[in-house]
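What follows is calculated from the coordinates using simple rules that are stated; it is not laboratory data. Nothing here was measured: the structure is a model prediction, and the numbers come from that model. With ideal geometry, Cβ positions are generated from the backbone for all residues, glycine too; neighbour counts draw on all protein chains shown.
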C-alpha cells in the first residue's frame, strides 16, 4: 500500500510505505489508539506525517520527533541539513492540515532527548514508540532501554531494521541490540507476530 499524500509534501526516500498495511493491522487487532507518540529517527518526516494524519488526528494527540539530523557515513546520513529542511517543511504542512495535533521536534542525540523526557516525569505516558534512528547496536540498545519506562503498560514499541544489512558486523546493525533488549525484558514484553523485517512489541509490565 502506497503512502497517499498531497503533492505539497516533499520526500526523496521511502523506507516506510511498505510497513503501512502491517501497522494498520496491528493497531486494529491490538486495539491501541495512540494519543501520545515518540518517534526516534524522523529523517524527512515521512513516517512522522503518516502517524500524525492516520493515528493522531482523531484523538488530537501529540508526537515527539527525535533526530540528530547529523552527518554520518551511511547513505541516509548525508546532506542532513537539506534533510532537516525538508522535515521542517513537511511538518509545517502537517501542522496546517492537522492543527489539533501537537508536534514537538527534538534535535540532538536520542539518548539525551529520551533522558530529558524521563527527567520531566513522563514515564508511562506514551502509547506508541517507534525506534528508527541509528543502525549502531549500542545506539539502538540505549534507545530501547530509555524508551521502555516512557511507554505505558499496554503500549506498543516498534523496532525498524531488525534484519538490516545482515552482512555487516553485528555491532553495526540493530539486530544485536533488539535481541539483547528482548532477552533482558522478556517477561515485560510480548512480541506481536508479524512479518519479520521489523519487530513489534507490546509492553505487558513495568
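A few comments on the model shown:
- Out of 83, 64, 49, sole residue that is in contact with a strand residue (DSSP E or B) (Cβ under 6 Å, 6 or more places away or on another chain) and outside any loop (DSSP other than H, G, I, E, B): 64
- Residue match in the stretch 153-166 (condition: over 27 Å from residue 28 (Cβ atoms), surrounded by 15 or more Cβ atoms within 10 Å (Cβ to Cβ), in contact with a helix residue (DSSP H, G or I) (Cβ under 8 Å, 6 or more places away or on another chain) and touching a residue at least 12 places away in the same chain (Cβ under 8 Å)): no
- Residue 113 falls short of the stated requirement of being under 17 Å from the mean Cα position of the chain (by Cα) and more than 18 Å from residue 39 (Cβ to Cβ).
- Selected residue [in contact (Cβ under 8 Å) with a residue 24 or more places away in the chain, at positive phi and surrounded by 21 or more Cβ atoms within 10 Å (Cβ to Cβ)] from 130, 43: 43
- Single unsatisfied condition, residue 111 versus (1) in contact with a helix residue (DSSP H, G or I) (Cβ under 6 Å, 6 or more places away or on another chain); (2) closer than 28 Å to residue 191 by Cα; (3) exposed (fewer than 14 other Cβ atoms within 10 Å of the Cβ): (3)
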